[in-house]
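Data first, discussion second: the structure below is written as structure tokens.
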Amino acid sequence: MVNMSYFLAAIFFLVCDFLFKEMKQILPEIFYGQNLISDPVVETIYGSVEGFNYKMESGDNAEIFLGIPFAAPPIEKLRYEKPQEVQKWNETLKAKEFPAACATFDTFMSHQENEDCLYLNIFKPKNHTSNGYPILFFVYGGGFLIGDTKTYGYKNISDNLVSQGIIVVTIQYRLGPFGFFSTGDSRLPGNYGLWDSIEALKFVNKIIDKFNGDKSRITIAGTSAGSAIVSLLGLSEEGYNLFSQILPMSGSAFSQWGSKNAVVEVTNEVVDEIGCESNSTKIKECLKEKSVSEFQKVLKPKVLFTLRDDISLLSIGPKMDGDFIKVNCLKKATKNAPKRPIFIGVCSQESIMSTTPNPFFPLPNKYFNLPIEKIKIYSKSDFEDFVRVILAKEKYFGNNSEEFVKEVTEFYANQTNDENSDFNFFFEQYTTLISDLNFNIPALREAILKAENKNPTYFYVYDYNVDISDTAPKLARGLSHGGDIINLFGGLYKPIELNESGKKVQKKFINLIANFIKNGNLFIKF
């Protein structure tokens, strides 16, 4: 009887030991995120921050911190002022939800908006390294009018970049009238969204070591309007000691839309219509009293993302002000700036988004976002008409306007014409012309100037097509604006589906970006 009791007890303990070992394996899988793995807490000079864990596809863990304030809320008296340093907090900050998007004149997104929006997010590897991780500081795009960090999420960023030993920081900046309105003088100098980006960089430099980051290895990157912002950051004396590398993706300060004075005209028009006199010395004080809805009511029918008689497409954005960029010449600013590696690039057919039907450009007309019926019959005379009306304006070329029309038309008409193509040749050339003017030539100009001034310079063209037909119908060959960032961060508005070749190209591109962030070069095996 005693022997049987010992036998049963032994069996019981063996079973318990087996179950305990099995449960140790499966409990984290079942209950991951429910505090069996404790939520990470980081102590910073501003206060403690509590995030949460995310198990990446690699099997490793990432620590996610969402909605960390990097500046005082830019509301009330701080509207239309440079960002102020954030105040310290006493209680542990629960950094577990994305911040609301910055308020603007309109949005195509359903995310919540708020003027109190100067927050950033940090995604980091859980494992500690003695040398500190390199940092990617990312600025979203959206024509300086829309955008937020929630759109990009944290899962794809973690799976693609954090898994490779990179800390990723995504920031928000003021948009539209609150970020870029300017009267062109000291009354309302503008560029507040740029100053927000600088303040975020300063904040990251102060606290990133507590997240196991190496502040001497910060790469600033952006897409579209965010790309133009980081391009400008690379030229501003304010950012000389705040980062080490630049990664502009599909946008440049050298684009006409990247730094122009059209915002002054729009500002003055809106100021008068909203009930503040544009010639008043108290213009800033008056605008601070207006509600967000009052701005939206005036702005929505006025700009709606684009000026239709202007090739640059955007009417609100940064401008040369003699403050953020001290000199009034980008070429001179490039010469003066520190020598830093730059990896700049474009998609192969950026402007498909502005020549085809597109929900983000909801006002098709004779010259932009053409209807499908027109695209199919687009002719050489249509191309000439576009050049004549939009580009060869008499105020620019005087009596030489027609000669300019002829030379431009001949250049693009003499490109190789694939007779067997399913695409309209002159429509594709028209799309290429707009891509050249808004993206390709400015990016090349920036790259050439950087190289001439001894900056290690790399350039890419992303040509592998990705199905983003919700925003860019397949009416011309090539990859549309935003295709590169979709490959890097995953589908922003819908999942992208890639075949095996597409997955290989995507992986190579991600590895190129990761290698540049970590090592400052692009040496990988293809």
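Every number here is computed from the coordinates shown, using simple stated rules; none is lab data. Only a predicted model underlies this, so the values are computations on that prediction, with no experimental measurement involved. No Cβ is skipped: glycine too gets one built from the backbone with ideal geometry, and neighbour counts run over all protein chains shown.
Summary of values
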| item | result |
| --- | --- |
| Global form of region 373-416, assessed from the alpha-carbon gyration tensor, a/c cut-off 1.5 | oblate |
| Rounded D (µm²/s) - region 352-490, Kirkwood Rh over Cα pairs, Stokes-Einstein at 37 °C, 0.692 mPa s | 196 |
| Neighbour-count ranking [beta-carbon atoms within 10 angstrom, fewest first] of Lys124, Lys155 | Lys155, Lys124 |
| Fewest-first sequence of Phe65, Phe397 by Cβ atoms within 10 Å of each Cβ | Phe397, Phe65 |
| Taking only Cα atoms of region 170-299, radius of gyration then Dmax in Å | 16.8, 51 |
| Stretch gain in nm, segment Val389-Asp214, where the contour uses 0.36 nm per residue and the Cα spacing is subtracted | 57.8 nm |
| Spin-label model distance (nm) - Glu289 vs Val41, 7 Å beyond Cα toward Cβ | 4.7 |
| Geometric extent, Cα atoms of region 221-270 - Rg, Dmax (angstrom) | 12.6, 40 |
| Net +/- balance of residues flanking Ala100 in space, Cβ distance below 14 Å, scoring K and R +1, D and E -1 | -3 |
| Against the rule of thumb 2.2 N^0.38 Å, how large the Cα Rg of region 41-340 comes out | 0.99 |
| Taking Trp89, Trp195 and counting other C-beta atoms within 10 Å, the order from fewest to most | Trp89, Trp195 |
